[in-house]
Amino acid sequence: MSEEIRQDLLARMAAARDAMESCFNSFDATDAVQVGVTDKWSVRDLCAHMIGWQEEFLKQADSLAGPGAKPIQYNVDGFNEESVHARARQPWEQVRDAWKITIGNIAHHVESAPAGALVMGQLYRGFLEGIAITHMYEHLGQVSSWMHKLGMEPTE
């Protein structure tokens, strides 16, 4: 059962990653830093925000997978602001490439995660699915809408 769960998670993560990567690859350095994907963020900012949460998952994953794991409370707005600020001066290509690496690191973590984390680790799976699947699709919708407004299509 845990192998089925692992493969399902990896497949859903890969689908979300591939769709987002296709959109990200459509942006050049100028378009990627233009605010509009949200009221305050550019595509680069949104990507930096996702990296922040992905890195946080990797930092917390082992403690969330174990017995007696406790939920972590976040100041979400503050965390988001810090994540965006941390990469605000980085070129788009560097931020995009960091996102690819970080999401790849999450996949590697899932590949080696203990079976118990996948079957019984509700905090682990909840954070993982939230960050690497649900969160990605939420932002994919925003990026896709922004691309439509700009007259862009995802690259293959």
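Computed from the coordinates by the stated procedures, all read-outs in this text should not be read as laboratory data. None of the values given here were measured: they were computed from a predicted structure. Every residue, glycine as well, gets a Cβ built from its backbone with ideal geometry; the counts of neighbours run over all protein chains shown.
Mind checking the stretch 59-117 for trypsin sites (Lys or Arg not before Pro) that DSSP puts in a loop (not H, G, I, E or B) and that have at most 14 other Cβ atoms within 10 Å? When the trypsin sites (Lys or Arg not before Pro) of the stretch 59-117 are filtered for loop state and at most 14 Cβ neighbours within 10 Å, Arg89 remain.
For the stretch 95-156 versus the stretch 1-79, the spacing of their alpha-carbon centroids is 4 Å.
List the lysines whose Cα sits under 22 Å from the Cα of Lys59, skipping any in the same chain fewer than 8 residues away. Filter leaves Lys70, Lys100.
Taking Cβ atoms as reference points and 15 Å as the exclusive limit, the residues near Arg6 contribute a net charge of -3, counting Lys and Arg as +1 and Asp and Glu as -1. Residues in the stretch 54-71 carry Karplus couplings, in order, of 5, 5, 5, 4, 4, 5, 9, 3, 5, 6, 6, 7, x, x, x, 4, 10, x Hz; the curve used is 6.51 cos²θ - 1.76 cosθ + 1.60 with θ = phi - 60°, and Gly or Pro positions show x.
Quick one: compute the contact order of the stretch 2-150, relative version, from alpha carbon pairs under 8 angstrom and 6+ residues apart, as a percent. Please report the intermediate quantities before stating the final value.
Details: 137 pairs, mean separation 60.5, N = 149.
Averaging sequence separation for qualifying contacts and normalising by length gives 41 percent for the stretch 2-150.
Would you tally the net charge around Glu21, using a Cβ to Cβ cut-off of less than 9 Å, leaving Glu21 out, and scoring K and R as +1, D and E as -1?
Details: positive: Arg17, Arg96, Lys100; negative: Asp18.
With Lys, Arg at +1 and Asp, Glu at -1, the neighbours total +2.
Net charge of the neighbourhood of Asn75, taken over other residues with C-beta under 15 Å away and scored Lys/Arg +1, Asp/Glu -1, is -4. Please quote Rg/Rh for the chain to two decimal places, taking the Kirkwood radius as Rh and restricting both calculations to Cα atoms. Ratio value, two decimals: 0.99. This ranking places Phe27, Phe127 by how few other beta-carbon atoms lie within 10 Å of each, fewest first, which gives Phe127, Phe27.
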